[in-house]
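Peer 1: Would you mind keeping the following structure in view while I ask a few things?
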Amino acid sequence: MNIILLSGGSGTRLWPLSNETMSKQFLRLLRNEKGEKESMVQRVFRQLKETKIDANIVIATGKSQVESIRFQLGEDTDLVVEPERRNTYAAILLSAAYLKYRKHIGDDESVLVLPVDPYTDNAYFKTLHKLDEVIQSGRSQMVLMGIVPTYPSEKYGYIICKEDEGDVRTVTRFQEKPDLETAKRPLTQGAFWNAGVFGFKLNYIMDILHKELKADSYEEVLEQFPQIKKNSFDYEVVEKADSISMVPYRGEWKDLGTWNTLTEEMPENHGNVVTGEGNENVSIVNVTDKPVVVLGLKDAVVVSSAEGVLVSDKGKSSYLRPYVEGLNERPLFEEKRWGKYKVLDQEEYGQGQKILVKRLSVRAGKAFSLQLHHHRDEIWIIVSGRGLVTVKDETKEMSAGDVVKISKGEKHKAVALEDMDIIEVQIGDILSEEDIERFDYQ
């Protein structure tokens with residue numbers, strides 16, 4: 001079995017905690033059975049291990065999420081990095097090419113595609129074995145997982161099947177996300193929620209790929225990636241399949257894509273929070289150093305981060321997206337494979353001169369890449385820990401109190417010998433995460 005996990009999202013529905021690099025699947029607001037904090041993607045990988053799924057697992061994602069995935073899942077996580085965003089159709093075609101040409105899997109092997117962030121129980125992952133069986137039986141070109149709905153929903157599409165076919169059903173049609181009144185009708189027809197889980201044999205999707213592109217290697221597919229239609233896999237493949245089967249799943253399943261649904265699974269308030277009298281059904285998340293005090297609210301969510309502050313009725317929080325799109329030009333917090341950073345301050349002075357201040361936390365044994373910048377100078381102040389710092393061709397061991405000056409165009413690198421905190425001051429006319437040229441890893 002081979003599994004493609006789709007990791008995307010712009011992060012706007014869980015603003016101000018999520019952003020383009022820290023989308024909902026990376027927020028560590030859940031807890032495992034030991035009470036330890038975990039993110040949605042960490043939870044999914046834990047469940048895959050617990051259910052002993054024997055599969056090649058790859059994550060299809062964009063460049064902006066690579067560092068967060070490496071930070072949370074480790075350096076050896078198998079990634080398919082999309083050169084640009086082109087929706088799920090292109091992402092799945094590229095991932096299939098990766099399995100074919102890089103992993104060298106057989107044409108008749110099963111491939112399952114699922115989101116990286118479902119909130120579900122272990123029975124969901126055990127159901128993947130049933131999908132694999134149906135794929136290998138050759139019953140249909142495509143196999144889906146259908147969720148037994150618990151209420152009429154506007155958030156999910158529906159799968160309509162022939163009735164009374166047991167545990168494997170024949171799909172007759174699809175219902176796109178309906179309005180609330182329309183959503184009541186599919187339930188009377190025995191419909192299922194579409195969970196975005198697809199299964200097929202590799203050769204089925206490779207035939208589609210070869211109709212789309214003239215490519216016989218993973219590198220050629222990467223090169224021609226911008227030519228792939230920018231559309232959903234549902235529209236380009238699933239709805240055009242000649243035969244589709246569906247396997248029902250009757251266990252717990254939820255999309256934690258809004259503050260309203262996410263706070264239902266949060267066991268407690270997070271961070272430096274003070275609550276007073278009169279609060280009722282209030283969820284609070286504070287990831288800043290400053291206290292948040294909440295009094296007399298009902299059915300509300302309060303979230304405070306470096307990106308901003310949200311105070312919303314829980315139900316209304318589902319409609320957050322249009323109000324926050326474009327608010328932040330750049331992420332103010334990111335997790336990297338070497339650790340994490342937080343933007344502390346940014347100012348613009350006369351004649352286009354800008355200053356940005358970050359706090360960098362580098363984990364022991366980790367390193368920044370060897371790099372240089374074309375538009376900015378940097379000053380590093382080591383505030384804790386110890387590490388090796390290279391500027392140009394000179395390497396020195398540095399610790400708390402040491403100061404490093406780096407001019408634009410100078411190659412530099414840091415290796416943490418122990419957990420290390422650095423205040424970084426950037427000075428220049430362009431202060432952008434894109435102004436970086438790396439030399440030792442991508």
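Peer 1: Would it be correct to say that V58 is in the same structural domain as V134 (by TED's automatic domain parsing), without any contact (Cβ under 8 Å) to a residue 60 or more places away in the chain and closer than 21 Å to G196 by Cβ?
Peer 2: yes
Peer 1: Still on this structure, please answer the following. Among the residues of region 175-193, is any small (G, A, S) and either at pLDDT 95 or above or in a strand (DSSP E or B) (or both)?
Peer 2: no
Peer 1: Looking at region 339-355, I want the residues that are in the same structural domain as A416 (by TED's automatic domain parsing) and exposed (fewer than 12 other Cβ atoms within 10 Å of the Cβ) and have a partner that is among the hydrophobic types (A, V, I, L, M, F, W, C) and assigned to a helix (DSSP H, G or I) with Cβ atoms under 6 Å, at least 6 apart or on another chain. Which pairs are those?
Peer 2: Listed by first residue and then by second, the contacts come to nothing, as the list is empty.
Peer 1: Also: Take A300 and tell me if it is touching an Asp or Glu at 6+ places or on another chain (Cβ under 9 Å) and hydrophobic (A, V, I, L, M, F, W, C).
Peer 2: Yes.
Peer 1: Those residues that are over 11 Å from R13 (Cα atoms) and among the polar types (S, T, N, Q), I need them from region 292-327; list them, please.
Peer 2: Correct list: S304, S305, S312.
Peer 1: Inspect all residues belonging to region 392-401 and state whether any of them is in contact with a Gly (Cβ under 6 Å, 6 or more places away or on another chain), part of a strand (DSSP E or B), more than 22 Å from D289 (Cα to Cα) and modelled with pLDDT of 95 or more.
Peer 2: No, because not a single residue in region 392-401 is in contact with a Gly (Cβ under 6 Å, 6 or more places away or on another chain), part of a strand (DSSP E or B), more than 22 Å from D289 (Cα to Cα) and modelled with pLDDT of 95 or more.
Peer 1: Out of V111, V148, I need the residue that is in contact with a Lys or Arg (Cβ under 6 Å, 6 or more places away or on another chain) and either within 18 Å of N194 (Cβ to Cβ) or modelled with pLDDT of 95 or more (or both). Which one?
Peer 2: V148
Peer 1: Identify the residue in region 255-313 that is assigned to a loop (DSSP other than H, G, I, E, B) and of a type in the set (V, I, T) and, among all such residues, is surrounded by the fewest Cβ atoms within 10 Å (Cβ to Cβ).
Peer 2: Among those that are assigned to a loop (DSSP other than H, G, I, E, B) and of a type in the set (V, I, T), it is T288.
Peer 1: Six or more apart or on different chains, Cβ atoms under 6 Å: show the pairs whose first residue is in region 154-165 and of a type outside the set (G, A, S) and part of a loop (DSSP other than H, G, I, E, B) and whose second is surrounded by 12 or more Cβ atoms within 10 Å (Cβ to Cβ) and modelled with pLDDT under 75.
Peer 2: Pairs that qualify, where the first residue is of a type outside the set (G, A, S) and part of a loop (DSSP other than H, G, I, E, B) and the partner is surrounded by 12 or more Cβ atoms within 10 Å (Cβ to Cβ) and modelled with pLDDT under 75, are E154/A183; E163/G190.
Peer 1: Also: Restricting to region 414-442, what's the tally of residues that are modelled with pLDDT under 95, out of contact with any His (no Cβ under 8 Å at 6 or more places or on another chain), more than 26 Å from G350 (Cβ to Cβ) and not hydrophobic (A, V, I, L, M, F, W, C)?
Peer 2: Of the residues in that region, 4 qualify.
Peer 1: Let me ask another. Of everything in region 376-387, what is free of Cβ contacts under 8 Å to residues at least 40 places away in the same chain, part of a strand (DSSP E or B) and either surrounded by 15 or more Cβ atoms within 10 Å (Cβ to Cβ) or not assigned by TED's automatic domain parsing to the domain that holds I430 (or both)? Give them in sequence order.
Peer 2: The answer is R386, G387.
Peer 1: Residues to consider are E50, E33; find the one that is surrounded by fewer than 18 Cβ atoms within 10 Å (Cβ to Cβ) and in contact (Cβ under 8 Å) with a residue 60 or more places away in the chain.
Peer 2: Unique residue meeting the criteria: E50.
Peer 1: In addition: Across region 57-104, what is the total count of residues that are within 16 Å of R337 (Cα to Cα) and either of a type in the set (K, R) or touching a Gly at 6+ places or on another chain (Cβ under 9 Å) (or both)?
Peer 2: Residues meeting the conditions: 7.
Peer 1: Among the residues of region 304-343, which ones are in contact with a Pro (Cβ under 6 Å, 6 or more places away or on another chain) and modelled with pLDDT of 95 or more?
Peer 2: Once the filter is applied, which keeps residues that are in contact with a Pro (Cβ under 6 Å, 6 or more places away or on another chain) and modelled with pLDDT of 95 or more, region 304-343 yields only L310.
Peer 1: Continuing with the same structure: Would you confirm whether any residue within region 318-337 is assigned to a strand (DSSP E or B) and among the aromatic types (F, W, Y)?
Peer 2: Yes, the conditions are met somewhere in region 318-337.
Peer 1: Out of all the residues in region 402-426, which are assigned to a strand (DSSP E or B) and surrounded by fewer than 16 Cβ atoms within 10 Å (Cβ to Cβ)?
Peer 2: Scanning region 402-426 gives V403, K405, I423.
The values are calculated or read from the model by the stated rules, or taken from the named source; none is laboratory data. Because the structure is predicted, anything quoted here is derived from the model rather than measured. Methodologically, a virtual Cβ is constructed for each residue, glycine included, from the backbone with ideal geometry; neighbour enumeration extends over all protein chains shown.
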